[in-house]
Amino acid sequence: MPSNININKVDELTENFKQTSSIYFTKYTGMSVLQATEFRAQCNKHSVRYIVSKNTLTKIAANNAGYGDKFDNILNGQVGIAYGYDDPTSPAKAIKKFLDENKDAIEVLGIFFDGELYGPEKYSELASLPSKDELLSKLASGLNYPMTQLASTLNGAMSKLAGILDSLKNIK
């Protein structure tokens, strides 16, 4: 009979699987306790939740969330999962930032993103992408640029017209 602790853990993991926009599976075998604390802090800065749980409970939670046995091949050994909620690339950025200071402390095993399961090579590609906020600001600035140019052109034409009218007034 499963314990209440395990039932609650499966429920928590199931909710994480349902609410996430991206899932990064990592192997944390070479990580010290101090490094684990640093990594969790890095994850928190990027709005990422990093959870280490028993693989059996994680498999049950993934199944409950509708993923079936999609992650069973990855969930072997010491596996931690980074869940990205708002920005699917935020876990990749947190992992990259952590690995810049702590070489070989963590290894990406796989990524579940946009309905597809990718290998670890996809991690570096996603880590180099701009964040969702950066992309939105570039889009807003791109949309704003033509209007700014139009306003500037109209303002210049109006200034010239005002100057011409003023000079005509002074002549008469």
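The values are calculated or read from the model by the stated rules, or taken from the named source; none is laboratory data. Predicted model only: the values in this text are computed from it and were never measured. Note that we place each Cβ from the backbone using ideal geometry, even for glycine, and neighbour counts take in every protein chain shown. These area figures cover heavy atoms from the full protein model, side chains too; ligands, DNA and RNA do not enter into them. Shrake-Rupley method; radii C 1.70, N 1.55, O 1.52, S 1.80 Å.
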Residue list for the range 22-46, restricted to those being outside any strand (DSSP E or B), touching a Phe, Trp or Tyr at 6+ places or on another chain (Cβ under 6 Å) and either among the polar types (S, T, N, Q) or in contact (Cβ under 8 Å) with a residue 24 or more places away in the chain (or both): 39, 42, 43
Residue tally, condition assigned to a loop (DSSP other than H, G, I, E, B), in contact (Cβ under 8 Å) with a residue 24 or more places away in the chain and surrounded by 14 or more Cβ atoms within 10 Å (Cβ to Cβ), over the range 71-85: 4
Residues (within 15 Å of residue 25 (Cα to Cα) and either assigned to a helix (DSSP H, G or I) or open to solvent by 20 Å² or more (accessible area, probe 1.4 Å) (or both)) located in the range 86-97: 88, 90, 91, 92, 93, 94, 95, 96
Number of the condition not met by residue 8 [criteria: (1) of a type outside the set (Ser, Thr, Tyr); (2) open to solvent by 10 Å² or more (accessible area, probe 1.4 Å); (3) under 26 Å from residue 124 (Cα atoms); (4) assigned to a helix (DSSP H, G or I)]: (3)
Yes/no for residue 111 being more than 30 Å from residue 39 (Cβ to Cβ) and either surrounded by 10 or more Cβ atoms within 10 Å (Cβ to Cβ) or touching a residue at least 24 places away in the same chain (Cβ under 8 Å) (or both): no
Residue among 67, 123 that alone is within 16 Å of residue 23 (Cβ to Cβ), among the aromatic types (Phe, Trp, Tyr), open to solvent by less than 90 Å² (accessible area, probe 1.4 Å) and more than 20 Å from the chain's Cα centre (by Cα): 67
Filter result (among the hydroxyl-bearing types (Ser, Thr, Tyr), open to solvent by less than 70 Å² (accessible area, probe 1.4 Å) and in a helix (DSSP H, G or I)) within the range 47-59: 58
